Amino acid sequence: QGHRKESKTMKILVLGGAGYIGSHTVYELIDAGEEVVIIDNLETGHAEAVHPDAKFYKGDISDKSFLNEVFQKENIEAVIHFAALKAVGESVQKPLEYYRNNLNSLMNVIAGMREFGVKNLVFSSSCTVYGQADVLPVTEQTPRKQAESPYGNTKAMCEDIMRDFAKVESGMNLLALRYFNPIGAHPSALIGELPNGVPNNLIPFLTQTVAGIRPQLSVFGDDYNTPDGSPIRDYIDVVDLAKAHVVAIRRLLDGKNKANYEYFNIGTGNGLSVLGLIKAFEKATGEKVNYKIVGRRAGDIEKVWADTTLANQELGWKAEVPIEETLANAWKWQQALMKK
Ligand code: UD1
C-alpha cells in the first residue's frame, strides 16, 4: 500500500487495450462508468482503437520499470491483461519469443500489482488449454491437455503461474477467462478486428475475401469426424466477450469471488462448423463467400465447444448476440475499413 497515491477515482488498467478484444472491453468498461488506463505497445494493437476517454500509455509491459511507473502514477484498483502474442503458427517458429514475452509480461504484472497493492487481475486464457478433449462440451473440470503449440503452452503456463501465486498471496484475486473463438466487431463499426498482414484467423480472412482483398478462402479440411466434415468451434461475439470482463472485474472488486484463483469458460455453448459459419455469413449479409476445400491445417483440433454453466451461474453472464448479428457486424466493420 505504501506506494499508493491518495488520489480520486480508482481506475482499471487495461494491458493491450488497443488490441482486438482489449479495445472492445475498454468500450464496455467506459459504458459501465469505469475509469480506464490503457497500456499498449501498438505492435498488433492500433492507436485508432484506443477509446477517446481512456488514458493511454504507449509502452511495453515486458519492461518492468515502465510498467511500475504506471502503477506509481495511476490509482489502479484492478488490471485486465490482454497484452500477449497470439499467433499459433508464429509461436512454433519463434518459441523463445512467445515464452519470453507471454510469461515475463504476466510475471511483471503480478509482481508489480503486489508491489503497488493492486489486488485484482483478470487474465486472457484460451480454450486451447483443453486441446482435443475426449468429452464435449468442455467444462472447467475437463482435464487440460498438452498444448499443440508454444502459444497454447504459454496460456497453460500462465494459468499455472496465477494458481501458484494465488496460493501464497491470499489478499490478491486472480481470474482467468478461457475464451473460445472470439469474432465480430462493435455494432458502431468504430472498432473491430484488424490483423496486420495476412490473417491467420477465419473471420478476418473470410471478410477480406468477400471484400476482394484475398482471392479465395481456404477451408482447412472437410474430412473430420463432424456432420459436414469441417472442424467445429464455439464462436463468441467480441462484445459479449468484452462484457464478460466487465462482470469478472466487478466480481473481484465486490469480493464475490469464491477463491482467489478462479477460471471460467467464455463461449456460447454452441458448436458451429467452418462450412456452417460460411453459410450463416452468407445468410446474414447476402454476400457470397468464394471458398475452396483444402487440406487440414497442422495443429488444428477437430471440435470444441464450451459448457458455460459456471460462467452463467457464477458471473451471471451469458452470450446474447445471435450469430447472424455477429457476422453482420464483422462484415460492417470490414466495409468501414475499406472506406478509411
Ligand atoms: C486458434 C487457437 C486458439 C487461439 C486462437 C487465437 C488452437 C487449436 N487454437 O484458434 O487457441 O486462441 O487461434 O488466434 O491453437 N480456418 C479455415 N481457413 C482459414 C482460417 C481458419 O478453414 O483461413 C478454420 C480452422 O481450421 C478452424 C477454424 O477455421 O477450424 C477457426 O480457425 P481460427 O480462427 O484460426 O481459430 P482456431 O484455430 O480455432
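The table below lists the values:
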read-out	value
Where a residue in the stretch 205-216 is within 11 Å of the ligand (Cβ to nearest atom) and its partner, wherever it lies, is among the hydroxyl-bearing types (Ser, Thr, Tyr), with Cβ under 9 Å and at least six apart	205/218; 206/291; 209/291; 216/209; 216/291
The listed residue being modelled with pLDDT of 95 or more and surrounded by fewer than 18 Cβ atoms within 10 Å (Cβ to Cβ), out of 77, 159, 115	115
Wholly within the stretch 11-85, strands (runs of 3 or more DSSP E) carrying at least 3 residues that are touching a Gly at 6+ places or on another chain (Cβ under 8 Å)	36-40
Residue check, residue 92 surrounded by fewer than 19 Cβ atoms within 10 Å (Cβ to Cβ), within 14 Å of the ligand (Cβ to nearest atom) and among the hydrophobic types (A, V, I, L, M, F, W, C)	yes
Within the stretch 179-296, helices (runs of 4 or more DSSP H) holding 2 or more residues that are farther than 24 Å from residue 34 by Cβ and among the aliphatic types (A, V, I, L, M)	202-210, 274-285
Residue check, residue 246 in contact with a His (Cβ under 9 Å, 6 or more places away or on another chain), within 27 Å of residue 191 (Cβ to Cβ) and modelled with pLDDT of 95 or more	no
Conditions (1) under 24 Å from residue 184 (Cα atoms); (2) surrounded by fewer than 16 Cβ atoms within 10 Å (Cβ to Cβ); (3) more than 16 Å from the ligand (Cβ to nearest atom): number failed by residue 292	(3)
Tally, over the stretch 95-112, of residues that are surrounded by 21 or more Cβ atoms within 10 Å (Cβ to Cβ), within 15 Å of the ligand (Cβ to nearest atom) and not aromatic (Phe, Trp, Tyr)	1
Qualifying residue in the stretch 134-146 (condition: within 15 Å of the ligand (Cβ to nearest atom) and among the charged types (D, E, K, R))	yes
From 326, 285, residue being buried (at least 19 other Cβ atoms within 10 Å of the Cβ), over 22 Å from the mean Cα position of the chain (by Cα), of a type in the set (S, T, N, Q) and farther than 30 Å from residue 164 by Cα	285
Unmet requirement for residue 152, which otherwise passes all of (1) out of contact with any helix residue (DSSP H, G or I) (no Cβ under 6 Å at 6 or more places or on another chain); (2) within 10 Å of the ligand (Cβ to nearest atom)	(1)
Selection count where residues are more than 16 Å from the ligand (Cβ to nearest atom) and either of a type in the set (Phe, Trp, Tyr) or touching a His at 6+ places or on another chain (Cβ under 9 Å) (or both), scope the stretch 157-189	2
Count of the stretch 217-240 residues which are crowded, with 21+ Cβ neighbours inside 10 Å, more than 12 Å from the ligand (Cβ to nearest atom) and closer than 22 Å to residue 137 by Cα	3
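The values are calculated or read from the model by the stated rules, or taken from the named source; none is laboratory data. On a predicted model such as this, the values are computed, not experimentally measured, just so you know. With ideal geometry, Cβ positions are generated from the backbone for all residues, glycine too; neighbour counts draw on all protein chains shown.
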